[in-house]
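Notes for the one structure printed next.
All of the numbers you see were taken from the coordinates with simple rules; none came from a lab. Keep in mind the model is a prediction, meaning the values are calculated, not measured. Note that we place each Cβ from the backbone using ideal geometry, even for glycine, and neighbour counts take in every protein chain shown.
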Amino acid sequence: MSETHDTRSTQQEVPHAAELMELAALIETLPDEFKQYFQPAMERAMENIDRRRRILNFIQEALSQLRLDMKYLMFDLEATRRERDEYRHKLEGSN
């Protein structure tokens, strides 16, 4: 298991990563017959954490984009309302 790079980056981004690092280190100290039993489960857990982190980042980026799009839409709506009111005022003034 190459947890040196993976778990360090995970430790900085995932809550309870220190505990997972400790668990990975403990698994490394086990005799081979036990290590081969626990190591795949630990690797799956780390992959799940990484996948969840990527999904969370994707969702956060999508929300940021949605907020920006909403600001543009609100600006456009206000501009459209102002234009409508100006045209209505001009139309009423010409009658």
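Between the listed residues L73, N48, A62, the Cα displaced farthest toward the positive end of the dipole of segment 39-88, a dipole computed from Cβ unit charges relative to the Cα centre, is found at N48.
Extending 7 Å from Cα along the Cβ direction at E43 and again at Y87 yields two label points whose distance is 6.5 nm.
Extension gain for R67-Q36 works out to 6.5 nm (0.36 nm per residue, less the C-alpha to C-alpha distance).
Maximal additional length on extending the D50-T80 stretch stands at 6.3 nm, based on 0.36 nm per residue less the C-alpha distance. Taking a Cβ cut-off of under 14 Å around K90, the surrounding Lys, Arg, Asp and Glu residues balance to a net charge of -1, with basic ones at +1 and acidic ones at -1.
How much length is gained if the chain between A18 and N57 is pulled fully straight, taking 0.36 nm per residue apart and subtracting their Cα-Cα distance, in nm to one decimal? Mind showing how you got there, number by number?
Values: separation 39, 0.36 × 39 = 14.04 nm, distance 2.05 nm.
Additional length available on full extension: 12.0 nm.
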